[in-house]
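Notes follow the structure.
The values are calculated or read from the model by the stated rules, or taken from the named source; none is laboratory data. This structure is a prediction, so every number in the text was calculated from the model and none was measured. Surface areas here come from the heavy atoms of the whole protein model, side chains and all, with no ligands, DNA or RNA. Shrake-Rupley method; radii C 1.70, N 1.55, O 1.52, S 1.80 Å.
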Amino acid sequence: LHGTEFIDSYVFNKAEYIRFNSTVGRYVGYTELGLKNAEAWNKGPQLGQEQGELERFCKHNADLH
């Protein structure tokens, strides 16, 4: 489905510190800890898992909504 976007945000104490956005295709950090995690997660297996969620979950369920 064109225009489908998957966003996975990580929030601690009401502040978003890291986010995966399928349009960007990688993690982006918003705090000091988030920047460090984004750098590590973009090099590890987490990135591939997140990239697969758009296909596995979003596109599969889009017609249901």
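Solvent-accessible surface of protein heavy atoms, probed at 1.4 angstrom with all chains present, puts Arg19, Arg56, Arg26 in the order Arg56, Arg26, Arg19, largest first. Calculated [222 nm] ellipticity per residue, helices only, for the chain: -9500 deg cm²/dmol; basis is -39500 (n - 2.57) per DSSP H run with n ≥ 4, divided by all residues, nearest 500.
Over the chain, all Cα pairs binned in 5 Å intervals from 0 give whole-percent P(r) values of 4, 18, 26, 22, 15, 10, 5, 1, listed from short to long.
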